[in-house]
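Notes follow the structure.
The values are calculated or read from the model by the stated rules, or taken from the named source; none is laboratory data. Given the structure is predicted, the values throughout are model-derived calculations rather than measurements. In this analysis, Cβ positions are derived from the backbone assuming ideal geometry, glycine residues included, and neighbour counts consider all displayed protein chains. When the accessible area is computed, the model is the full protein with side chains, heavy atoms only, and any ligands, DNA or RNA have been set aside. Shrake-Rupley method; radii C 1.70, N 1.55, O 1.52, S 1.80 Å.
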Amino acid sequence: MEDIRLIEMFDSGDEKGFEMLVKKYQNRVINIVYSLSGNTNNADDIAQEVFVKLYKNIRFFKKKAKFSTWLYRITVNTTYNYLKKQKRYVPLHFNPDLDVSGKVFLNNLDHREKQLLLKRAIGQLPLKYRSVIILKEIEELCYKDIAKSLGCRIGTVESRLFRARRMLKKMLVGDKK
């Protein structure tokens, strides 16, 4: 069912509209939170906080915009705020046996090892670059939606994405540029 119709159901007093929105977006929200925070236990707690905020503030949603973009913004901001409160700016550690420093010969790794290495590298990016990579490459949002989700300009998204990719390349293949 279309997001706007679900919101209108909820606005008219039918809680099922909200429940259906949660079901539709729950996994995406948890994935974004986990990708940003790196902690599965916290991901559930933060996602729950996202949906509580959504429940309290859904009346402020302007129906001209995309609901998913608005929800992603709440998700990213809630995760950022949680990490600031926890003072958890440490990089994610997916597999301590995979070293992302120096040259890595990716051709010698199987698909699973490459995925783990990439996740670890993304986890070592500063949060502002990590969020852009996650929203673009994992959530497959367009630049416009990423900009709205992060509350910045499209040019900022483009430059952060460029820098994030350059950092990942340097971590994964040792590129000096």
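Exactly one residue among TYR72, TYR55 is open to solvent by less than 30 Å² (accessible area, probe 1.4 Å) and at pLDDT 90 or above, and that residue is TYR72. With respect to the conditions (1) of a type outside the set (Asp, Glu); (2) modelled with pLDDT under 80; (3) not in a helix (DSSP H, G or I), LYS114 lacks only one, and its number is (3). Taken as a whole, the structure places ASN31 among residues that are open to solvent by 80 Å² or more (accessible area, probe 1.4 Å) and under 18 Å from ILE134 (Cα atoms). Quick check on GLY17: is it in a loop (DSSP other than H, G, I, E, B) and either of a type in the set (D, E, K, R) or over 14 Å from the mean Cα position of the chain (by Cα) (or both)? No; evaluated as a whole, the condition is false for this residue. Going through (1) within 17 Å of LYS56 (Cβ to Cβ); (2) surrounded by fewer than 15 Cβ atoms within 10 Å (Cβ to Cβ); (3) not basic (Lys, Arg) one by one, PHE10 falls short only on (2). Scanning the stretch 27-44 for residues that are under 13 Å from the mean Cα position of the chain (by Cα) and in a helix (DSSP H, G or I) yields ASN27, ARG28, VAL29, ILE30, ASN31, ILE32, VAL33, TYR34, SER35, LEU36, SER37, ALA43.
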